Amino acid sequence: MQGVILAAGKGSRLHPITLSRSKAMLPILGKPIVERVMELLVANGVRDFILVVSPEDRDITRYFVRESTLEAEVRFVYQTERLGMAKALECAAPLISEDFVLSACDNLVTADDVGRLMVSWHTEPHPNALLTLMPVSREHISSTGIVAMDGPWITRIVEKPTPEEAPSNISSLPLYVFSPRILAYLPEVLPSPRGEYELQDAIQMLIHREGRVGGVTVERRLTLTNAADLLALNREYLMHGDGRPQLEPHTVGPGTQLITPLYIERGTIIGAGCVIGPNVYIERDCRIGNRVTLRDAVLLRDASVAHGATIINQVIA
């Protein structure tokens, strides 16, 4: 099975953090979030990836060619205009030759959840598509796709309805399993009132004409929309991730306390009399002055913190 990852988005709601790199390349404990998504698929046997990226994002191509240790083949296709998920998938279509998992670059569930999705794909009667589903509160209904169900099958999917128009409170997350037959519906998708080509329209065509579109429900997912999400993701991996703690500062001044969980990359200089941690991720080559307090914080590469500063619940770029 192939993996298709949509990673061409700007991440406008993450500005100014994403002025210097794309959302897909924002770090979760030393690895870009797009690679964290791909790791979940690799853990379930996916070894052939197609990344849909912006031609301007040279960081992502350089990273997977030179730095990533992911045990998989990674190929790139370029999306020159951001016109929605249907158009992004259409960019990847020439390289898709078998059943595939489709995921956004910023949607994290668990490896077990991905495993249940794979098992359901091979269960009889064989579905024509599988969606990842999660109940949402009323205030989140208008920001996601909502489905109607008849037993195990999805009968309708509506993109961003009002709470009054929504057929349920069950949302469709950007993680799917498809056969290549979904690709035939993409040219029929028309632009939405927002001017985007919605993948949900292609899924609705598949439901109407062929049926057997099912879903696997998850209890929780993590996503990256704003700076608070970047804090939460790194905190989650610090506390529950399976990676080894990394403490590789270049220098640490006298009297400084390092309180775990903590992840410090190489090249960082930490001054004297600081309290660093808990729940702190410091990317490479940062400069931290004397008497600094850092707690529940993320410092992105080359960041500087002045003497005497207190940084709590912040991302510093």
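The values are calculated or read from the model by the stated rules, or taken from the named source; none is laboratory data. It should be emphasised that the depicted structure is a prediction, and the values quoted were computed from it without experimental measurement. Neighbour counts are summed over all protein chains in view; Cβ atoms, including those assigned to glycine, are modelled from backbone coordinates with ideal geometry. Side chains are part of the model used for accessible areas, which takes the heavy atoms of the whole protein and leaves out ligands, DNA and RNA. Shrake-Rupley method; radii C 1.70, N 1.55, O 1.52, S 1.80 Å.
Pairs linking a residue in the stretch 1-19 that is under 14 Å from Ile60 (Cα atoms) to a residue that is assigned to a loop (DSSP other than H, G, I, E, B), with Cβ atoms under 6 Å and 6 or more positions apart or on different chains, are Ile5/Cys105; Ala7/Cys105; Ala8/Ser54; Ala8/Gln79; Thr18/Gly11. When the residues of the stretch 160-174 are filtered to those that are open to solvent by less than 10 Å² (accessible area, probe 1.4 Å) and modelled with pLDDT of 95 or more, the one that is nearest to the chain's Cα centre (by Cα) is Leu173. Consider the stretch 233-245 and keep the residues that are touching a strand residue (DSSP E or B) at 6+ places or on another chain (Cβ under 9 Å) and open to solvent by 40 Å² or more (accessible area, probe 1.4 Å). The one that is farthest from Ile5 (Cα to Cα) is Pro245. A single member of Arg47, Arg21 is under 26 Å from Asn279 (Cα atoms) and of a type in the set (D, E, K, R), and it is Arg21.
For the list (1) open to solvent by 70 Å² or more (accessible area, probe 1.4 Å); (2) without any contact (Cβ under 8 Å) to a residue 12 or more places away in the chain, I need the number of the one condition that Arg295 fails. Evaluating Arg295 over (1) open to solvent by 70 Å² or more (accessible area, probe 1.4 Å); (2) without any contact (Cβ under 8 Å) to a residue 12 or more places away in the chain leaves (2) as the failure. Of all residues in the stretch 211-225, those being open to solvent by 60 Å² or more (accessible area, probe 1.4 Å) and in a loop (DSSP other than H, G, I, E, B) number 4.
Among the residues of the stretch 1-58, how many are part of a loop (DSSP other than H, G, I, E, B) and farther than 29 Å from Glu98 by Cβ?
Restricting attention to the stretch 1-58, the residues satisfying the condition of being part of a loop (DSSP other than H, G, I, E, B) are 1, 8-11, 15-16, 20-22, 26, 29-30, 43-47, 54-57.
Still in the running and farther than 29 Å from Glu98 by Cβ: 10-11, 15-16, 20-21, 26, 29-30, 56.
Total satisfying the criteria: 10.
Scanning the stretch 226-242 turns up no residue that is modelled with pLDDT under 95 and assigned to a strand (DSSP E or B). Note on the stretch 40-55: among residues that are touching a residue at least 60 places away in the same chain (Cβ under 8 Å) and surrounded by fewer than 17 Cβ atoms within 10 Å (Cβ to Cβ), the one that is farthest from Asp229 (Cα to Cα) is Gly45.
To keep it simple, each residue is scored yes or no on (1) part of a strand (DSSP E or B); (2) under 26 Å from His15 (Cβ atoms).
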{"residue": "Arg266", "(1), (2)": "no, no"}
{"residue": "Tyr281", "(1), (2)": "yes, yes"}
{"residue": "Asp285", "(1), (2)": "no, yes"}
{"residue": "Asp296", "(1), (2)": "yes, yes"}
{"residue": "Gly308", "(1), (2)": "no, no"}
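A Cβ distance below 7 Å, combined with a sequence gap of six or more or placement on separate chains, defines the contacts here; from the stretch 90-119, residues that are within 17 Å of Ser179 (Cα to Cα) reach residues that are of a type in the set (D, E, K, R) in the pairs Leu95/Arg75.
Sort out which residues of the stretch 183-195 are open to solvent by less than 50 Å² (accessible area, probe 1.4 Å) and touching a residue at least 60 places away in the same chain (Cβ under 8 Å), and write them in order of number.
As a first pass, look at the stretch 183-195 and keep what is open to solvent by less than 50 Å² (accessible area, probe 1.4 Å): 183, 185-186, 189, 192, 195.
Scanning the stretch 183-195 gives Leu183, Leu186, Val189, Ser192, Gly195.
Got a sec? Which strands (runs of 3 or more DSSP E) wholly within the stretch 63-135 have at least 1 residues that are among the aromatic types (Phe, Trp, Tyr), open to solvent by less than 20 Å² (accessible area, probe 1.4 Å) and in contact with a Gly (Cβ under 9 Å, 6 or more places away or on another chain)?
Details: elements: 73-78, 100-104, 129-135.
Counting at least 1 such residues, we get 100-104.
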